[in-house]
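The values are calculated or read from the model by the stated rules, or taken from the named source; none is laboratory data. Here the structure is a predicted model, which means the values were calculated and not measured. Glycine also receives a Cβ, built like all others from the backbone with ideal geometry; neighbour counts cover every protein chain displayed.
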Amino acid sequence: MSLFEQIAGALLSSGQTATPPPGTATGTGGIAQVIMALIASPQVGGLPGLMAKFQQAGLGQVASSWVSTGPNQPISPNAMQQVLGPDMLQKIAAMTGLQPQQAAQQIAEHLPATVDHLTPQGQIPQGNDISGQLMAMGMKYLQSRMA
């Protein structure tokens with residue numbers, strides 16, 4: 001199963017649809033949902049699995065800076081595309097109504113601070129999934145930053 005299928009499955013299981021009906025969150029609101037699906041998806045392996053994907057793409061030090069208590073290293077939209085892949089970005093763009101480069105830009109802009117916010121002690125939560133409380137905290141944080 002592809003990473004996109006795993007994320008789409010997480011979104012579908014949370015009540016979202018792959019083609020959002022009128023009135024559903026799209027654009028940056030949709031990106032917030034995609035980011036939380038990336039972070040919380042048990043199919044991806046939760047936050048530890050997502051960090052492993054950055055490691056595999058040669059961006060482990062960048063992603064590790066988001067978890068640590070020090071400053072967050074930025075990630076470029078091109079590097080985000082390297083991690084997620086062009087097919088997945090195209091599908092995320094279709095889900096959110098953004099262009100693929102816009103989706104990569106939005107994810108690159110918000111993922112580092114979100115991961116940092118969810119790991120205030122500089123450690124990834126234990127287990128493959130993030131608890132519902134942490135998930136709600138992450139969505140609230142993202143919504144406040146994107147408003």
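Structure summary
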quantity	calculated
Any chance SER131 is modelled with pLDDT of 70 or more, out of contact with any helix residue (DSSP H, G or I) (no Cβ under 8 Å at 6 or more places or on another chain) and surrounded by fewer than 19 Cβ atoms within 10 Å (Cβ to Cβ)	no
Pick from the range 59-82, criterion free of Cβ contacts under 8 Å to residues at least 12 places away in the same chain and part of a loop (DSSP other than H, G, I, E, B), ranking: farthest from GLN99 (Cα to Cα)	GLY70
Filtered residue count, the range 83-112, keeping only those that are in contact (Cβ under 8 Å) with a residue 24 or more places away in the chain, under 24 Å from SER144 (Cα atoms) and not in a helix (DSSP H, G or I)	2
